[in-house]
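Inspection log for the structure reproduced underneath, given as structure tokens.
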Amino acid sequence: MFTAKRQVATVVGNCLRMLPGSPVAGQRVLMYHAVGNRVDGDVNNIYTMSRADFLRHIETLQAVSAKFSMPFAPFRQLNNTEIALTFDDGYADALSTIGPELSKRGIPFHVFVTPEKLTSGDPRYLSTPELRELATIPGATIGAHGATHRSLTSLNIADAEADLRSSKQQLEDVLQTPITTMSYPYGHVNSEVRAAAQRVGFTAAACSKWGVNNEHSDALLLNRLDMWAGDNSRTIENKVLGYWNFLGRRT
Ligand SMILES: [Zn+2]
């Protein structure tokens, strides 16, 4: 099922690219997970990315950035053609691989961390001291990703708000800095959860719906592009240029 969808999207993306016109304006927020570590729940084997895959992605993204005048920028709501890199869940390789590789290239990046994982003892995830170290890497910004990685739309709204508040507070306690950005676990969000995120004090939040973001976008429902380990350079380029946005799915 997934393989068929990927094949169709690849073909449609290539066809759309042949149509006249420029790529749609807007910030592209790319969604990644881990580099080197096995990603929980990765049933289609698309998010578990090797170091070689990651370096290939970065090389392609740098080429796209230069070719189409799309500068790398931190994750936030903008209305030009920036590329922002985000990494969900807080895997330990954010410190060992992602941070060093991006920092030495001058590419900013965002890591959305689930605080419960910090003390889980699972070596795949950042520990509290590792998160503190990650936050000192030039270009790194830390955001929240739920306190416990539960689907916020599956909770009653009071529990969802408490989870959001806890995620923010725990990270602020660790890092001693305001945490104002987040991504929704599993991309699950509805109008009630969005309103709760706003009440808690988040000012920018990413979901998992395909698309770019412009001045009309809701800052608490920012679209992302789902990047997969096996994407070749043409697919990466087509995704960034917006030729996969027809998928428009919310996951
Ligand atoms: Zn997640």
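Each value in this text was obtained by applying a stated rule to the coordinates, not by laboratory testing. Remember, it's a predicted structure, so these values are computed and weren't measured experimentally. Virtual Cβ from ideal backbone geometry, glycine too; neighbours counted across all protein chains shown.
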### Message
Please pick out the residue among Arg56, Arg38 that is outside any strand (DSSP E or B), within 16 Å of the ligand (Cβ to nearest atom) and either closer than 25 Å to Val174 by Cα or not polar (S, T, N, Q) (or both).
### Response
Arg38
### Query
Of these, Ser208, Ser217, which one is of a type outside the set (A, V, I, L, M, F, W, C), part of a loop (DSSP other than H, G, I, E, B) and away from the ligand (no atom under 16 Å from the Cβ)?
Ser217
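Looking at the range 126-149, can you tell me whether even one residue there is within 16 Å of the ligand (Cβ to nearest atom) and in contact (Cβ under 8 Å) with a residue 60 or more places away in the chain?
Within the range 126-149, one or more residues are within 16 Å of the ligand (Cβ to nearest atom) and in contact (Cβ under 8 Å) with a residue 60 or more places away in the chain.
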### Message
Out of the residues in the range 203-251 meeting the condition of being among the hydroxyl-bearing types (Ser, Thr, Tyr) and within 15 Å of the chain's Cα centre (by Cα), tell me which one is nearest to Ile142 (Cα to Cα).
### Response
Ser208
### Filter result (surrounded by fewer than 20 Cβ atoms within 10 Å (Cβ to Cβ) and hydroxyl-bearing (Ser, Thr, Tyr)) within the range 195-237
Thr203, Ser217, Ser233
### Message
If I filter the range 113-125 down to residues being under 23 Å from Ala204 (Cβ atoms) and β-branched (Val, Ile, Thr), which single residue comes out as farthest from the ligand (Cβ to nearest atom)?
### Response
Val113
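For (1) within 21 Å of the chain's Cα centre (by Cα); (2) outside any loop (DSSP other than H, G, I, E, B); (3) of a type in the set (Asp, Glu), each residue gets a yes or a no:
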| position | (1), (2), (3) |
| --- | --- |
| Leu134 | yes, yes, no |
| Ile137 | yes, no, no |
| Gly143 | yes, yes, no |
| Ser167 | yes, yes, no |
| Val174 | no, yes, no |
| Ile179 | yes, no, no |
| Ala195 | yes, yes, no |
### Summary
Given (1) part of a loop (DSSP other than H, G, I, E, B); (2) within 16 Å of the ligand (Cβ to nearest atom), His110 misses just (1)
